[in-house]
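Written out below as structure tokens is the structure these notes cover.
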Amino acid sequence: MAERDRHAAPAGIATPVDAAAMRRTIGRFATGVAVVTTHDGQGPHGMTVNSLTSVSLDPPLLLVCLTTGARTTDAVVTSGRFAVNVLSDRQLEIALRFARRGADHFEGLAPAYGAHRVPVVPDALAHLECTAERHFEAGDHVVVIGRVHGVCDRAGEPLAFLGGRFADLTERGGEPALWFA
């Protein structure tokens, strides 16, 4: 029996929720991979995230979840400004670099700086420069609502995350759904 099938409950039957079950189950939801970067006056900081979503188009707001107690989290809260760097499928090493706890994530990396004086990851698919509108603790994370002040994006394929592993995303053909019309 495959590892993933050993943990599966029959359809419609809930299993107890512990950290491993939560991680495994929410891991069924594919996400993109981004790096949140900031500068707090002491230096640049950054962390890899996949808990990121758009909240509002008018005004432009996004939500990102950052690990409680991490240097980057503290720097975002202190400085009140940050950038979200959406990674391309060619930036796996960047995702791994910024996921390491306690490391100097910027060592040997020459980041550019955006209009809000925060570092941005070179060659990312997109950058969103934000100010923190509000933040609050939720479990082992700090949820930050950011107002987006500037964006840029380029063509390319995104880096994805599914089931605790990095993945590729394949677009399906056809016209896009007009859910926003």
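Couple of notes before you dig in:
- A Cβ distance below 9 Å, combined with a sequence gap of six or more or placement on separate chains, defines the contacts here; from region 11-30, residues that are closer than 19 Å to G139 by Cβ reach residues that are open to solvent by 100 Å² or more (accessible area, probe 1.4 Å) and at pLDDT 75 or above in the pairs T25/V17; G27/R165.
- Only one of the listed residues (G156, G108, G163) is open to solvent by less than 80 Å² (accessible area, probe 1.4 Å), among the small types (G, A, S) and over 17 Å from the mean Cα position of the chain (by Cα). That residue is G156.
Here's the yes/no breakdown for (1) under 22 Å from G150 (Cβ atoms); (2) hydroxyl-bearing (S, T, Y):
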{"residue": "I13", "(1), (2)": "no, no"}
{"residue": "G27", "(1), (2)": "no, no"}
{"residue": "A34", "(1), (2)": "yes, no"}
{"residue": "H45", "(1), (2)": "yes, no"}
{"residue": "T72", "(1), (2)": "yes, yes"}
{"residue": "V76", "(1), (2)": "yes, no"}
{"residue": "N85", "(1), (2)": "yes, no"}
{"residue": "G102", "(1), (2)": "no, no"}
{"residue": "A110", "(1), (2)": "yes, no"}
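- Leading residue by the ranking (most open to solvent (accessible area, probe 1.4 Å)) among those in region 32-89 that are of a type in the set (V, I, T) and in contact with a Gly (Cβ under 7 Å, 6 or more places away or on another chain): V86
- Search result, residues across region 37-58 that are touching a Cys at 6+ places or on another chain (Cβ under 9 Å) and either of a type in the set (A, V, I, L, M) or over 15 Å from V143 (Cα atoms) (or both): V49, L52
- From the options R100, R172, residue that is open to solvent by 90 Å² or more (accessible area, probe 1.4 Å) and within 15 Å of the chain's Cα centre (by Cα): R100
- Matching residues in region 114-138 - criterion: being in contact (Cβ under 8 Å) with a residue 60 or more places away in the chain and either buried (at least 18 other Cβ atoms within 10 Å of the Cβ) or not in a strand (DSSP E or B) (or both): R117, V118, P119, V120, V121, A124, L128, C130
- Condition met for L92 (more than 26 Å from A167 (Cα to Cα), modelled with pLDDT of 95 or more and either open to solvent by 20 Å² or more (accessible area, probe 1.4 Å) or over 15 Å from the mean Cα position of the chain (by Cα) (or both)): no
The values are calculated or read from the model by the stated rules, or taken from the named source; none is laboratory data. The shown structure was predicted, so the numbers you read here are calculated from the model rather than taken from an experiment. So basically every Cβ, Gly included, is an ideal-geometry build from the backbone, and we count neighbours across all protein chains shown. Side chains included, ligands, DNA and RNA excluded: accessible areas come from the protein's heavy atoms. Shrake-Rupley method; radii C 1.70, N 1.55, O 1.52, S 1.80 Å.
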